[in-house]
Amino acid sequence: MNNRQSKILEAIAIQQRIEVTDLANRMSVSPVTIRKDLDQLEQRGLIHREHGFAYIENGASDGTQLAYNYEVKRRIAQAAAADVEDNETVMIGCGSCCAILAEELAHTKKDITILTNSVFIANYIKHAPYGNIILLGGYYQRNSQVLVGPIAHKNAQLFSPDKFFISASGFSETFGFTDHDYLQVQTIQELTKQAQQVVMLFDSEKFSNNGVVKVVSLENIHVMYTDDHISSEKEEYLRQHNILIHKVATQEAV
């Protein structure tokens, strides 16, 4: 995705529904160019089109969530990808930030192998130049395009990756990182047992959200990538649990 397309995605995420001519004026390009960008974004499942407009649907799918706060998520993913080597095997959970990480790895790391229970991620990076994908199998959740349940847990036991990258939708100091889907969380907890290191990808806006199910104990998270809008109180709380925190800038340096 080029820089203009990421800006288009952010604009649509903010307004939910926007005219093609409005986007063309904002980006200082022709409507024809905007339509080509929108075609590519639609093919990747990130937006929807109707005559003269582009829009995103409300929902919890990775494709829908990817549009929100995209640029910060992209920087978090790039920082996390920098700690992955060519030829490495990593496990990646579901979530929009995880999808962007998979895309970054599949475009920059040669012979990278990605284990995942996300069908969305497998489709999202299918045209990338690198990246061997191993889907773990399991019960298929249609809306989220995620594989969960005992089959996924059993298949994960065949592997022992160095890193397992996960995300979450919320946080509380009582439960730590939280989410809403019990089956997805249960699968994450099982996959966590197979990895040497668990890495959390979490943009700071999500600290204001609170899910209903604990994703994983803070003691089991080794590293976290977030942005520089994390509060000093949250940062200190996480450091007290021995989590190594990497922060990216929310805006480009001028």
Within the stretch 133-148, work out how many residues are more than 28 Å from Lys110 (Cα to Cα), at pLDDT below 95 and touching a Ser or Thr at 6+ places or on another chain (Cβ under 8 Å). 2
Need pairs with beta-carbon distance below 9 Å; first residue assigned to a strand (DSSP E or B) and within the stretch 135-163, second surrounded by fewer than 18 Cβ atoms within 10 Å (Cβ to Cβ) and of a type in the set (D, E, K, R); sequence gap 6+ or separate chains. Lys163/Asp83; Lys163/Glu88
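On the given criteria, is Thr174 out of contact with any helix residue (DSSP H, G or I) (no Cβ under 6 Å at 6 or more places or on another chain), crowded, with 21+ Cβ neighbours inside 10 Å and in the same structural domain as Gln196 (by TED's automatic domain parsing)? Spell out how you get there, then give the answer.
Numbers: out of contact with any helix residue (DSSP H, G or I) (no Cβ under 6 Å at 6 or more places or on another chain): yes; crowded, with 21+ Cβ neighbours inside 10 Å: no; in the same structural domain as Gln196 (by TED's automatic domain parsing): yes.
Taking the combined requirement at face value, the residue does not satisfy it.
For (1) β-branched (Val, Ile, Thr); (2) over 30 Å from Arg239 (Cα atoms); (3) in the same structural domain as Phe207 (by TED's automatic domain parsing); (4) within 14 Å of the chain's Cα centre (by Cα), each residue gets a yes or a no:
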position: Ala81; (1), (2), (3), (4): no, no, yes, yes
position: Asn87; (1), (2), (3), (4): no, yes, yes, no
position: Val90; (1), (2), (3), (4): yes, no, yes, no
position: Cys97; (1), (2), (3), (4): no, no, yes, yes
position: Ser118; (1), (2), (3), (4): no, no, yes, yes
position: Ile134; (1), (2), (3), (4): yes, yes, yes, no
position: Pro161; (1), (2), (3), (4): no, no, yes, no
position: Ser167; (1), (2), (3), (4): no, no, yes, yes
If you go through the stretch 166-217 one residue at a time, how many are aliphatic (A, V, I, L, M), within 22 Å of Ile230 (Cα to Cα) and outside any strand (DSSP E or B)? 2
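For every residue, the table says whether it meets (1) in contact with a helix residue (DSSP H, G or I) (Cβ under 7 Å, 6 or more places away or on another chain); (2) more than 18 Å from Arg74 (Cβ to Cβ).
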{"site": "Cys97", "(1), (2)": "yes, no"}
{"site": "Asn123", "(1), (2)": "no, yes"}
{"site": "Asn132", "(1), (2)": "no, yes"}
{"site": "Val146", "(1), (2)": "yes, yes"}
{"site": "Leu158", "(1), (2)": "no, yes"}
{"site": "Phe164", "(1), (2)": "yes, yes"}
{"site": "Tyr182", "(1), (2)": "no, yes"}
{"site": "Ala195", "(1), (2)": "no, yes"}
{"site": "Met200", "(1), (2)": "no, no"}
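The values are calculated or read from the model by the stated rules, or taken from the named source; none is laboratory data. It should be emphasised that the depicted structure is a prediction, and the values quoted were computed from it without experimental measurement. Positions of Cβ are generated from backbone atoms using ideal geometry, with glycine treated the same way; all protein chains shown enter the neighbour counts.
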